[in-house]
Amino acid sequence: MMVFWRFSARVCLAPLRGFEARRGRGAAGRRPDEAPALRFSQAWPKLALALWGSREDSGREPHSPAGAAPAGTGSEPTGAPLLGRLLRQLGLGLRLGLRACVLLLKFAPLLLAYPLARLSPRLSSLWLRLLLKAAESSGPTYIKLGQWAGTRRDLFSEEFCATFSRLHVRAAPHPWAHTELVLRGAVGEDWRRALRFDSEEPVGAGCVAQVYKAYVSVDRLEDPRSGSGARPGSGLRGLLGRLWAGQKLEGAWPDPPSPEAQGAGSPPGRNPSPPPACGAEPDHRIPVAVKVLHPGLAQKVHIDLLLMKMGSRVLGLLPGVKWLSLTEILEEFEKLMIQQIDLRYEAWNLERFHHNFRHVDFVRFPTPLRPFVTSSLLVETFEESVPVSSYLPLAVPPELKRKIARLGIDMLLKMVFVDNLVHADLHPGNILVQGGDSPGGSRVDRPGPAGARNPPVAAAKPPAPPLRLVLLDAGIVAELQEADRENFRAVFRAVVLGQGERVAELILHHARASECRDVERFKAEMADLVTRARENTVSLGKLQVADLLSSVFKLLMTHKVKLESNFASMVLAIMVLEGLGRSLDPGLNILEAAKPLLIRNSTAAL
C-alpha cells in the first residue's frame, strides 16, 4: 500500500511546476532548524505526503520567532520512529483515496452521460445544471474552478459560461473559536485591545473566508513607511510549508515585492493608513472589515489540486480535448487559487490599486491596515456604500445613472490601457457607489473585503462623500506582458477601425495555443463579424461591444484558438463593464471613450 501511494505521488507530482524546489541555496549561514526544511525540499514528493498527513495549524503565521524551532520539526528527534511516518503516509493515502471516491461518484456519471447531452439542447441544459450542482457541493476548489471556467469564453461554450457565472455560494460560517485562534496568532494575546467586535456573527461568508465588522484602535496601526508587512510565501510549496505546523518554505512563484525592497520612503504600492479623523470613533477607533480564512482550507485545496492534475492527464488523452491543454489550464488555475487562499496577495493588490489611483478621486479601494495583514487574516477599512445594482431601477434619475456609467468606463480604461493592472472580478456585487442617494433614500454600509456577497446593511453616520466608485474583492487581477499589452491595444484599434482580418491576424499571432486548420476562413469570418457589427448599428456609439466580443469568443472556440489567460480576463472585464454601463446609460460609447488612449498609444509607438 505504501509503495503504491509513494509511486503514485512521484509519478503524478513530478510534472507540477508549482512543486519544483528552488535550487542553489548555499549551506552557509543555515540555522539548525532549517535542516529539516532543506531535507524536505530535496525530496518534495515525500514532503507532500508527510505534510498532507499532518495537522494544519491555521492560526499560525508561516514564520516563527528567531531561535524558536517550528513545532513538529526541530523538536522531533532525528531518528523519528518509522511507524509514525508510515502512519502519516497511510493517513494521506486514505484521505486521497476517500476524496477521489467521493469526486468519482459525483462526476463520473456526468462524464458518462455527456454523449447523451449532445443529442438535444434540453438535455445539454439539464447536464450543465447537474454539473453546476456537483461543483457547488464539492468544496471551495471546485466552486472557484467553476467560477474561473465561467470566465473563459474562448475555451467553453456560451451556455456553459452563462451557467457557471451564477456559481456564487454562500457557505456556512466557521465557529468564532477559529477566528479567535487566528486573531491570537496574528495579533497576539492582547488582540482585544486592538480590535473590538460588536458581534461574533460574520456579516458575510464565502467558500474561502468570512467577514466581520469591527473597530480598530488607531494607535495600533502601523506607520506605512515602516515597511514591516509580511511577504507571502508564494507557490504551492509555500503553502505546504504552513501545513507543517508553521514551518516556512520558500516557493517557486514570484512573491509580491517586499516592503524592504521598495526603499525607505512610502513604497509605491503602500497606501497610508487612514487618519483618525476619517470615521474614527470617540475612543480613537475606526470601523474595519475583518476577513478570516476558513480552517483547514489550504489542506483541502492542495488535495483537490493534486487530484485535478491526475484527472487532467487522463482527460487529456480524449480526442478533441488535447487542444485545450488541460494540464496548462490547471496550472493557471492553480496559481490563481494559491493567491486566493493567501490574503497577503489581496492586500498587495489593494496597495497597488491605491498607488495607481492615488490622483483619481472618483475611485476608491479598501485600505489594508498593517500590521493586521497575514496569510489568514486581512483587516481593511470598512467602506460605507451601496451596490451599483441599486441604481438600475427606473426611479433613479437618468443623469445620476449616466455619471455612474461614465465613472465606471473611465476607471476601466485607465486600468486596461494606462496601468496594465485590471480588477479581474468586476461583477456588480463587487462595485459599490458612494456619494449617491440610495433608492431607499438613505445610505447604507457595506464591508470592503472579498467574500461578502450579501451582508446586512445599516444606516451610516458620516457626511456623504463625493460621488465615486468603490471596488471590493481584489484577490484576482490581470496584467499583461509588454508584448501582449501592445497586441491588446492593436486588437482594439483594429476593432475601432473595422479591420476584421487584422483582428484575426493579431489574435492568431499571439494565441496561447491554436489548432486552427483553416486560417483564411478564420480571417474571413472575423472580418465579416466586425463588418456586420458595424453595419447593423446606426452609429459607432450604438455598437454593442459586449455582443461583439461574445461573438469573437464563439469564433475562437469554433476554430480552437486559445487566448492567453490574462488577455481573456481583460476582455471579459470590458464585456462586464460595458454591459453594466449600458444598463445605466443606453447611449454609452466605450469605443469612443477609448479612442484617445488608443490613438495616443499608437502615435507613441511610431
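Computed from the coordinates by the stated procedures, all read-outs in this text should not be read as laboratory data. These figures come from a predicted structure and were not determined experimentally. In this analysis, Cβ positions are derived from the backbone assuming ideal geometry, glycine residues included, and neighbour counts consider all displayed protein chains.
Applying 1/(1 + (r/R0)^6) with r as the Cβ-Cβ distance of Leu467 and Leu394 and R0 = 25 angstrom yields a FRET efficiency of 0.80. Treating each Cα of the range 315-394 as an identical point scatterer and ignoring solvent, apply the Debye formula and state log10 I(q)/I(0) at q = 0.19 Å⁻¹. Per q value, in the given order, log10 I(q)/I(0) is -0.90.
Going from the residue with the fewest nearby Cβ atoms within 10 Å to the one with the most, Leu83, Leu563 rank Leu83, Leu563.
To make sure I understand, if each residue's beta carbon is the centre and we count other beta carbons within 10 Å, what order do Ser583, Ser125 fall in, fewest to most?
Working: Ser583 16, Ser125 13.
Listing Ser583, Ser125 from fewest to most nearby Cβ atoms yields Ser125, Ser583.
Between the range 342-420 and the range 78-114, the alpha-carbon centres lie 42 Å apart. Placing pseudo-labels 7 Å out from each Cα toward the beta carbon at Ser199 and Arg358 gives an inter-label distance of 3.8 nm.
Distance between the pseudo-spin-label points of Leu126 and Leu94 (7 Å out from Cα toward the beta carbon): 4.0 nm. Cα centroids of the range 473-532 and the range 147-223: 37 Å apart. Take every pair of alpha-carbon atoms less than 8 Å apart whose residues are at least six positions apart; their mean separation over the length of the range 319-440 yields a relative contact order of 23 percent. Fraction of C-alpha pairs exceeding 27 angstrom in the range 281-427: 46 percent, rounded to a whole number.
Order these by the 10 Å Cβ neighbour count, fewest first: Leu126, Leu305, Leu103.
Values: Leu126 14, Leu305 21, Leu103 18.
Listed from fewest to most nearby Cβ atoms, that is Leu126, Leu103, Leu305.
Between Arg85 and Glu189, the simple spin-label model (points 7 angstrom out along Cα→Cβ) gives 3.7 nm.
Once the Cα gyration tensor of the range 147-224 is diagonalised, what are the square roots of 5 times its eigenvalues, in whole Å and ordered largest first, as equivalent ellipsoid semi-axes?
On the way: eigenvalues 277, 46, 22 Å².
They are 37, 15, 10 Å, listed from largest to smallest.
If the chain linking Arg532 and Arg402 were pulled fully straight, counting 0.36 nm for each residue of separation and taking away their Cα-Cα distance, it would gain 44.0 nm.
Filter the trypsin sites (Lys or Arg not before Pro) in the range 322-364 to those in DSSP coil with at most 12 other Cβ atoms within 10 Å of their Cβ, and list the result. It would help to have the intermediate numbers written out before the result.
Details: sites: Lys322, Lys335, Arg344, Arg352, Arg358, Arg364; in loops: Arg358.
Of the trypsin sites (Lys or Arg not before Pro), the ones in loops of the range 322-364 whose Cβ has at most 12 other Cβ atoms within 10 Å are Arg358.
The loop-placed trypsin sites (Lys or Arg not before Pro) in the range 89-135, going by DSSP, that have at most 16 neighbouring Cβ atoms within 10 Å of their Cβ come out as Arg118.
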